[in-house]
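To start, the structure itself, in structure tokens.
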Amino acid sequence: MLFYIIRRIITVIPLLFVLSLVSFIIIQLPPGSFLDTYISTLKLSGTEVSDAEIARLIKLYDLDKPMYVQYFTWIKNIVLHGDLGRSFQWNRPVKQLIGDRIGLTMLISILTILFTWIIAVPIGIYSALHQYSLFDYFFTFLGFIGLALPGFLVALIVVWIAFSSFGISVTGLFSPNFVNAPWTLAKVVDMLKHIWVPMIIIGISGTAGLIRTIRANLLDELRKQYVITARAKGLPERRLIFKYPVRIAINPLVSTIGWMLPGVIGGEVIVSIVLNIPTTGPLLYGALQSQDMYLAGSFILILSTLTVIGTLISDILLAWVDPRIRYGGVGG
Amino acid sequence: MKKHSTNFSDNKDSEEELEIYKEEEKFYRASQRQLVWWKFKKHRLAMFALPLLIFLYLLAIFADFFAPYSPETRFPNYLGVPPTRIYFSSEGKLQRPFVYDMKRELDPKSFQFKFTENRTRKYPIRFFVEGESYKLLGFLSVNVHLFGTDSGGPPVFLFGTDTLGRCLLSRTLSGARISLSIGLVGVFLSFILGLILGGISGYFGGTIDEVIQRIIDFLISIPGIPLWMALSASLPRNWSVVRTYFAITVILSLFGWCSLARVVRGKLLALREEDFVMAARLAGASEWRIIMRHLLPSFASHLIVSITLSIPSMILGETALSFLGLGMRPPAISWGVLLQDAQEVIVVAQRPWQLIPAFFVIVTVLLFNFLGDGLRDAVDPYAR
């Protein structure tokens, strides 16, 4: 087991390196250097930048050196000092801007995955046990629609219906009086009152997909010999089903985190923009629009890194749950 | 293809037996293509989706004809008009469909313009009316539109208008061109990438296979949407519509090829061990010939399924990017660009008809999913 974990962690390292490279390229993509944009933005807002300040920034990020040196300085600053660069739009270090938001993104993503499981498991099991029943058909059809619906369009329609029919606004994550308040129990309660809207919207397609997977898996298991044997021996139906086939059929809960996580985080980003939730989405969006590239690149880097780590954890969990993987090796 | 019974020694009357025999005969003699088509026909959702999709594409190709106006024409007296209501009867009697003109009034309470129907005069809806001229298929100069009112009559806006007074129906039909074609073009690019890389990976194996598999692992393990956003945001804003269109397509395909490459590789790995490949090799066929003549046709059907199922994600990707203002930008028209106007709650609350393009996106994606599902069942006609 330990050997498997170590081997799996080693495979992540080149992945993280490529991720950092891609993020760095994204930062460099817009024409003109970061410094030119920074100076011109500050000039527009009426602030003169002193030569000493410019010299300091050049030295800090090695902007006068070749590209690969810049990359290593950038990555060194991140790893050693946690310095992600400066956002010229906000004129603040990126680190200060994104802390809270990354936390909220992760919170919503994790809640969404939990929500997906809570909804999909019972429906998937019931659909498989009552194959071709009215209930099964209903959810198969609903699953089809759920897979086709893009989160941001659902968000748009939900916002409209809530506003036009009930006169309430479902945007944002906090009530107005809590927006700038420090974290208290009351604020957490207030957040929980709002957080279910994005949670459900982001979770729709994942739920639809998971229902189909669980249903198909359980149907496969139910046809196997050991089920017939157990039934022939007179095991009570309920105990039989829940003790063996269901346990195997819900394996994808763990194994699909790997591909669910990128979808959930990506969906979270775009749904948050529509619903105006103070997570990474709107800030990344704003950063991209004004080409505030250190901010944007850092978001991409951190979101991707978190996804990779999430996948790593799910793989290790899966190996722990299912010995076949641990002994079969990474490539299987 | 009826369920055929195999026990002929039954004591059924001979006529029925002959009938069954004929059915079987037909089944055994049918070509692969016929079998696929029979199986496909049995999938009701797919049979329902196919004609509708063809219809949608025809709407896009002949958008200028189906649309009553040009997508850029502004009607200054009709800014933000709700969809025009069409009447089929007056005073209880059925008659030719007609519309009323819209009158703009200032609401004294909210200080906003409201539109009411001016019921003094009826204007009948005519078909094949003459209107603005356009180039049909890009070269035929025509001025006939599917429907409209007589010249001098008020304009008909089935989907309402936007804030600039442009007909939303005309814009939606026109936007279908980019939205529907980007799926096909994007999938074509992914298909080429997937075929080449998946083919190399599956056929040659070894180190190249390992490298390509790691690249795929990398691409599917990162959240696509933020990266798409970043890449398309860095496209220069002064690029022409065509250039942006291709750039967006390339960005979308950069991630889309992975699933196709996996299908190709998986199938190649399974097929290259088959006897017919060995036979071809013994007969002296070149590697290229084996791939193109023997291997490719045997999994072409599976490729078609994967292609159909990856079109929706391309369409959704373009819509999402354009909706955020990072993809196609006006003056280009796509469903995502049209939805950009509906970004704010206030706008949607005042003019809910601006959400109509969203309905088109959802329907298209659903139809492609139905079609793909039917194809998936059909490509393996021997499976029960």
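The values are calculated or read from the model by the stated rules, or taken from the named source; none is laboratory data. Computed from a predicted structure; not experimentally measured. FYI the Cβ positions are ideal-geometry reconstructions off the backbone, even for glycines, and counts take in every protein chain you see. For accessibility, only protein heavy atoms count, side chains too; no ligands or nucleic acids. Shrake-Rupley method; radii C 1.70, N 1.55, O 1.52, S 1.80 Å.
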Residue ID - farthest from B:Asp162 (Cα to Cα), chosen from residues in the range B:72-100 that are open to solvent by less than 30 Å² (accessible area, probe 1.4 Å) and small (Gly, Ala, Ser): B:Ser90
Residues of the range B:225-250 classified as hydrophobic (A, V, I, L, M, F, W, C) and more than 8 Å from chain A (Cβ to nearest Cβ), total: 9
Hey, B:Leu227 closer than 18 Å to A:Gly266 by Cβ, modelled with pLDDT of 80 or more and open to solvent by less than 20 Å² (accessible area, probe 1.4 Å) or not: yes
Of residues in the range B:131-174 being aromatic (Phe, Trp, Tyr) and in a loop (DSSP other than H, G, I, E, B), the one surrounded by the most Cβ atoms within 10 Å (Cβ to Cβ): B:Phe157
Selection status of A:Phe138, without any contact (Cβ under 8 Å) to a residue 60 or more places away in the chain and either buried (at least 19 other Cβ atoms within 10 Å of the Cβ) or more than 24 Å from the chain's Cα centre (by Cα) (or both): yes
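Considering only the range A:205-229, state which residues are open to solvent by 40 Å² or more (accessible area, probe 1.4 Å) and of a type in the set (S, T, N, Q).
A:Ser205, A:Thr213, A:Asn217, A:Gln225, A:Thr229
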Count of residues meeting criterion [more than 8 Å from chain A (Cβ to nearest Cβ) and either surrounded by 17 or more Cβ atoms within 10 Å (Cβ to Cβ) or closer than 24 Å to A:Pro262 by Cβ (or both)] in the range B:193-224: 18
First in the range B:361-380 and over 16 Å from A:Leu149 (Cα atoms) and away from every other protein chain (no Cβ under 12 Å), second anywhere and open to solvent by less than 10 Å² (accessible area, probe 1.4 Å) and acidic (Asp, Glu), Cβ under 7 Å, 6 or more apart: none
Residues of the range A:269-286 that turn out to be more than 9 Å from chain B (Cβ to nearest Cβ) and crowded, with 24+ Cβ neighbours inside 10 Å, as a count: 6
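Conditions tested, residue by residue: (1) assigned by TED's automatic domain parsing to the domain that holds B:Ile311; (2) under 21 Å from B:Gly336 (Cβ atoms); (3) in contact with a helix residue (DSSP H, G or I) (Cβ under 8 Å, 6 or more places away or on another chain).
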position: B:Glu130; (1), (2), (3): no, no, no
position: B:Ser133; (1), (2), (3): no, no, no
position: B:Leu136; (1), (2), (3): no, no, yes
position: B:Leu140; (1), (2), (3): no, no, no
position: B:Ser151; (1), (2), (3): no, no, no
position: B:Phe159; (1), (2), (3): no, yes, yes
